Amino acid sequence: MLAPPDRPAPPTSAPPRPRRGLVARLVARPLFWALACGLLFGVPLVRSVRRQLGAAPAVLASLPPFTLTDQLGHAYGTRELEGKVWVSDFIFTACQEACPLLSLRMQEIGRRTKHLGPDFHLVSISVDPERDTPARLAEYAARCGASPVRWSFLTGPAAALEDAVTGGFKVGMGREAITSDGGGQTFWQIFHGENLVLVDRRLRIRGYFPATAEGLDQLVEAIGRVVNGA
């Protein structure tokens, strides 16, 4: 009888699988994709948020104490304003040029910060103390729809106003004599700074902002940051 042909012996173990590279092993892990998505979308988002928030307004100077008189005839100044965030402008009621625009800007600031409640205040300081009595300021405030709870109009002796405005806020003010060509009469031309000034709870100046639409947007953003402790 013929012997059956020899059969190959079965393999004792399976052939070794080729080892995957490090990159392939990382790609296969869910954690890799979570980290990759975080880097891809998270970093631009953080940068975008930082750009939108901007830097905290710098501390430019500290206001010295002052006391003036508001439209109700009450003493009002840094003692009452300490602990609040506030914006000040400089006007006089007979002004027909910059002051009406400044008062409109202050009205808009009041509307856009209404949600801040008693933490925020508006202050308009007259640079014409000879004519702007408390009663006259009260009439002007009424035309602006200003409540004394949120918006104070201040006047006082010329020396006290000059100390507060030029010495404290570092804003120019004054008047210049002008003689008319016709009858030789002398008129006084009053001048003053036209920026809006942001002051924090510690009576520190945090910025000067132009009364433009862009300046107003920047100011409202800065108010939010200062109110939140920036």
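The values are calculated or read from the model by the stated rules, or taken from the named source; none is laboratory data. Everything quoted here is computed from the prediction, not taken from an experiment. Note that each Cβ is placed from the backbone with ideal geometry, even for glycine, and that neighbours are counted across all protein chains shown. Protein only, heavy atoms only, side chains kept; ligands, DNA and RNA dropped before computing areas. Shrake-Rupley method; radii C 1.70, N 1.55, O 1.52, S 1.80 Å.
Annotations for the structure displayed:
- Among residues of the range 60-114 being of a type in the set (Asp, Glu) and not in a strand (DSSP E or B), the one that is least open to solvent (accessible area, probe 1.4 Å) is ASP70.
- Filter result for THR179 (at pLDDT below 95, hydroxyl-bearing (Ser, Thr, Tyr) and either within 17 Å of ASP70 (Cα to Cα) or open to solvent by 30 Å² or more (accessible area, probe 1.4 Å) (or both)): yes
- Residue-level analysis places PRO129 outside the set of residues that are open to solvent by 70 Å² or more (accessible area, probe 1.4 Å), touching a residue at least 24 places away in the same chain (Cβ under 8 Å) and farther than 13 Å from ASP70 by Cβ.
- All positions within the range 197-220 that are open to solvent by less than 10 Å² (accessible area, probe 1.4 Å), small (Gly, Ala, Ser) and either over 10 Å from the mean Cα position of the chain (by Cα) or under 13 Å from ALA61 (Cα atoms) (or both): GLY207
Quick grid of which residues meet (1) of a type in the set (Val, Ile, Thr); (2) at pLDDT below 95:
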site	(1), (2)
ASP89	no, no
GLU97	no, yes
LEU102	no, no
ARG112	no, no
LEU122	no, no
THR133	yes, no
LEU137	no, no
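- Just one of (1) touching a helix residue (DSSP H, G or I) at 6+ places or on another chain (Cβ under 8 Å); (2) modelled with pLDDT under 85; (3) open to solvent by 40 Å² or more (accessible area, probe 1.4 Å) fails for GLU194. It is (2).
- Just one of the listed residues (ARG105, ARG79) is charged (D, E, K, R) and closer than 22 Å to GLY193 by Cα, namely ARG105.
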